[in-house]
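Heads up, the thing below is written out as structure tokens.
The values are calculated or read from the model by the stated rules, or taken from the named source; none is laboratory data. Not measured: the values here are computed from a predicted model. Cβ coordinates were reconstructed from backbone atoms using ideal geometry, including for glycine residues, and neighbour counts include every protein chain displayed. Side chains included, ligands, DNA and RNA excluded: accessible areas come from the protein's heavy atoms. Shrake-Rupley method; radii C 1.70, N 1.55, O 1.52, S 1.80 Å.
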2 protein chains.
Amino acid sequence: MDADQLTVTRLLDRAADLFPDRVVVSGAERITYTDFTARVHRLAHVLDRLGVRRGQRVATLAWNGHRHLELYFAVPSSGAVLHTVNLRLTGGQIGEILRHAGDVVVFVDPDQAGLLAQALRDAPDVRSVVVLGDELPPEAGEGWLLYDRLLGDAPDTPFPMPELAETEPAATCYSSATTGRPKPVVYSHRAIYLHSMALAMADTWALSEADTVLPVVPMFHVNAWGIPFAAVWLGAGIVLPGPAPSPEDLARLIVEERVTFGAAVPTVWFGVLEHLRGIPLPDLRMLVSGGAPLPPALLGLADELDVPLVHSYGMTESTPLVLVGRTKSHLRGGPDRRLRQGTLVPGLRMSVRDESGAEVPRDGATPGELWLRGPWVAEGYGDDPRSATAFVDGWYRTGDVVNVDAEGYVKIVDRIADLVKSGGEWISTVDLENALMDHPAVVSACVVGVPHPRWTERPVAVIVPAAEVTDDELRAHLVARFPKWWLPDDFVRVAAVPLTSVGKFDKRAVRAMYPVAGR
Amino acid sequence: MDADQLTVTRLLDRAADLFPDRVVVSGAERITYTDFTARVHRLAHVLDRLGVRRGQRVATLAWNGHRHLELYFAVPSSGAVLHTVNLRLTGGQIGEILRHAGDVVVFVDPDQAGLLAQALRDAPDVRSVVVLGDELPPEAGEGWLLYDRLLGDAPDTPFPMPELAETEPAATCYSSATTGRPKPVVYSHRAIYLHSMALAMADTWALSEADTVLPVVPMFHVNAWGIPFAAVWLGAGIVLPGPAPSPEDLARLIVEERVTFGAAVPTVWFGVLEHLRGIPLPDLRMLVSGGAPLPPALLGLADELDVPLVHSYGMTESTPLVLVGRTKSHLRGGPDRRLRQGTLVPGLRMSVRDESGAEVPRDGATPGELWLRGPWVAEGYGDDPRSATAFVDGWYRTGDVVNVDAEGYVKIVDRIADLVKSGGEWISTVDLENALMDHPAVVSACVVGVPHPRWTERPVAVIVPAAEVTDDELRAHLVARFPKWWLPDDFVRVAAVPLTSVGKFDKRAVRAMYPVAGR
């Protein structure tokens, strides 16, 4: 039994075998699993012709589309390593990552050609660039190749996929790292395989052949949360919206393609749900909101529209699924825990520890840092020296401060780095932000700690107002919910909160903006 | 990620952590997961005190009960190997198996003490016998110990479970082997872990914390089909019916405990369903029928009672799940395939080959032998020389003749050894048996091939009649469904068809009964 290896190759053939006519919808194209699987084999021939060898890195700079999905399977199955690059980074950042990863080939969407051309100045090892389409964009560099032409020229015979060990690397992502340079996380074939099984378990997302999945989450974000690997394996329908879809596009796809399962960050769901108002959605069984805490207003909107929204939590370092905000069967009808991040997915272990390393009580209040381990949790960042602080005795220190209630529901209180330490006590910036965003006159709110001579740090709030609102009104709104010393010392009004490349508040930038001199 | 090992130990703690008050119902007892987990740790202390060391075999001769479930977790988690022995074997057979396995301790239900006492004459290496209860039965041998007393005396502290490699053996079963001596199959920790994940997948049995499972299948049959390991991991309620439950007992448990999922052989479900007639079962979501082909009459009865019955197929060598007779979403409302054994569970590979080794077409007709491989399919029988014929190039040859339709649904036609070869053509004894059992005057029918000077072999039927029926009437019943040359040459009426220790027709015994001389 144990000789059989858990590899991405094993996830590929089943759909063509059992669900040959099920389709991958990709923009205006519809591709059956029979054709998809044949194209993956052609692509493996192409990689071989391009001289890609076992263990070498192949980068993608692309949106969610069927060609990107083909790369998801052909690159690891042929023994190379899929490196999905975040196209919201700058050319300079991308170049640095390509160089660090040692990518030998880059596959790029036509609209990202200009960005890649910039990046390549810093990445001399890239031997080939392939544009995902049939026409070279004006920004294309010399010698760039066309994906469709290469595939058309490739043999129409199955590629002899190598027998791989499950511990070989299959994919890599660079953690966005709100502080410091991006850190590489490497996913083994085994981790991706086990994570795919986990996504199909009834108590997590229950992915099934009966699903039509819409991964709105970009395929350059932790493998679109692992959904493409599981969905192809199971033979589910897949809907890939293509470049920069609007909320209207997504709502239309959900209705027209009878989507059963979707996954995106909360800001996307806010927009999409507004476009689904009043439309019956009998097929929809789960929308996953992740990548950021679930805003109470979004859950309220979903409840109002009778859309089944489930919060989930994970990170680049955990492939990513860690917590699912599913209500346990014996708690149905009880107090609502859906705004907590959820309970631990079967297969992982967690530990919540105070500064001395002791496990904190599960009382729903005492904060501690979340430590994780398991078969899809990283044990290090390649050869990055920062591994030594983030990984201890086989555990990954998430840097997230949480509390756990008696039922095992975890709530993220803050990032350790973002907590405000005032007068020896901790203040959660996330709780303050959520409360501020509950105020009708506030669109967006970001709270950071700034140095204070007496209290060490004090919170200040940066808000994007929707209407006129005074500091006193905001304070009155908060004082009902928090101790007085939690209230921000200042409210700064801005047009937009600066965001990181993955759409989170860039608290480093916000702190840098705030004039601390003279305090 | 890859350093984290997939072990039974990892399946243990989650229930106490997330579902502390969920119960295991065992006869008249109800034990919470908090208590269950504490008892498993006490039992690990007991095993240590009994001198059980890593890799040693610990046998059980027991019905489905909470003590047996405690052994399922304590034995592998502490590094020893759980060896469940079929209590329907004779004392001599059990002795041979205990000796072959080298079991050092045997845990026995009180009502099996006499059987074990007989068996021990042939098993000199057994050092200790522990009776699962608090009172020694009269048949107990000298020095036999009591489980409840040992547990009561054990420390009430967590046992320091060793860090095991996932490839270490966790459990072993002896394949029933209708021909020849029992053959040992060894399950690694990894195989049991992955099989547990597979049982929880939405497209298989979808086991969940929301379930209350009733494994009627004995815990000495391929680990009760793996259900106990998965159910404890997920935190499902478990109902263990205890010694030799009657159909009425089982029906009562289903109703009173609000069972959602059950698993048993078809003969059991026939009896149970009759007792569920007219009773609303809003909680019941799946009854699995396995261990034998699904009789059409049973499916008809289930449909009549609106009970969701699903056929599944597996074997000792595959931990056991291989095929699930689930209707794919796009086939709902189409032709009924539920009497086929089903489609391949995600994670395994299959190949269906003719005598030359070539893959047969998937036309729903052409027969071939089913070959299997995957992370929970055996690659050999311990050191048994029969491994060489059953396992080829990493594949397990099941010995089952099947056909596969265009949708991938497999139908078992026969055992290779049971097929009748008449005039160069194959006759399926299973098809004839099913057709005969459809006749109202036939309770049970077993068809075997007997030597024939002209046709090589010819089929003869051994039937258990329910009423008077002539050979001509039986022939008339069959001739509408099969070619004439398929019809049995003879119909022998018996009071009962001899069965093997696992309740299947003992075709070897039937063939031996039939007088071939003079034909």
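A few comments on the model shown:
- Occluded residues from segment A:179-208, i.e. those whose accessible area drops by 40 Å² or more once the chain is not alone (1.4 Å probe): A:190, A:197, A:201, A:202, A:203
- The portion of the accessible surface of segment A:418-513 made up by carbon and sulfur, rounded to a whole percent, is 54 (1.4 Å probe; DNA, RNA and ligands excluded).
- Summary for residue A:423: label point 7 Å along Cα→Cβ; distances to the equivalent points in the other copies, ascending, 10.0 nm.
- Rounded to the nearest 0.05, the FRET efficiency derived from the C-beta distance between residue B:416 and residue B:386 at R0 = 22 Å is 0.95.
- For the pair segment A:252-319 and segment A:115-171, the centres of their Cα atoms are 33 angstrom apart.
- Positive-end residue, segment B:341-416 charge dipole about Cα centroid, Cβ charges, pick of B:413, B:358, B:394: B:394
- Counted over segment B:203-361, the DSSP beta bridges are approximately 35% antiparallel.
- Each part gets one Cα centre, and for segment A:2-81 versus segment B:42-90 those centres are 45 Å apart.
- 3J(HN,Hα) from dihedral phi, segment A:161-172, Karplus parametrisation 6.51/-1.76/1.60, rounded to Hz, x for glycine, proline: 5, x, 7, 9, 7, 5, 8, 5, x, 10, 7, 8
- Accessible area of residue B:383 (1.4 Å probe, protein heavy atoms only, ligands and nucleic acids ignored): about 130 Å².
- Residue A:54/residue A:490 FRET efficiency (R0 56 Å; Cβ-Cβ; nearest 0.05): 0.50
- Note on chain A: helix-only mean residue ellipticity at 222 nm, from DSSP H runs of 4+ residues weighted -39500 (n - 2.57) and normalised by residue number, equals -8500 deg cm²/dmol.
- Interface area, B with A, accessible, probe 1.4 Å, both sides summed, Å² nearest 100: 4400
- Set B:484/B:504; B:183/B:507; B:328/B:504; B:421/B:507; A:411/A:504; A:183/A:507 screened for pairs whose C-alpha atoms are more than 22 Å apart: B:484/B:504; B:328/B:504
- Integer Hz, Karplus 6.51/-1.76/1.60 couplings in order for segment B:225-233, x for Gly and Pro: 6, x, 4, x, 4, 5, 5, 5, 4
- For residue A:335, inter-copy label distances in nm, listed shortest first [label point 7 Å out on the Cα-Cβ vector]: 5.7
- Close amide H contacts of residue B:490 (hydrogens built in the peptide plane, cut-off under 5 Å, sequence separation of 5 or more or a different chain): B:461.
- Most to least accessible of B:147, A:514 (protein chains only, probe 1.4 Å): A:514, B:147
- Extension reserve of the residue A:467-residue A:356 stretch, reckoned as 0.36 nm per residue once the Cα distance is removed: 35.4 nm
- Position residue B:470, label points 7 Å along Cα→Cβ, spacing to each other copy in nm (shortest first, one decimal): 10.7
- DSSP bridge analysis restricted to the protein assembly as shown gives an antiparallel fraction near 60%, rounded to the nearest 5.
- Karplus-derived HN-Hα couplings along segment A:422-438 (A = 6.51, B = -1.76, C = 1.60, θ = phi - 60°), whole Hz, x at Gly and Pro: 10, x, x, 10, 8, 10, 7, 6, 5, 4, 5, 4, 4, 5, 5, 6, 6
- For chain B, DSSP calls about 60 percent of its internal beta bridges antiparallel.
- Long-range amide H partners of residue A:262 with built H, under 5 Å: A:214, A:286, A:287, A:288
- In this structure, the amide hydrogen of residue B:146, modeled 1.01 Å from its nitrogen in the peptide plane, lies closer than 5 angstrom to those of B:131, counting only residues at least 5 positions away or on a different chain.
- Taking GluC sites (Glu not before Pro) as exposed when DSSP calls them loop and at most 13 other C-beta atoms lie within 10 angstrom, chain A has its longest site-free stretch at A:164-354.
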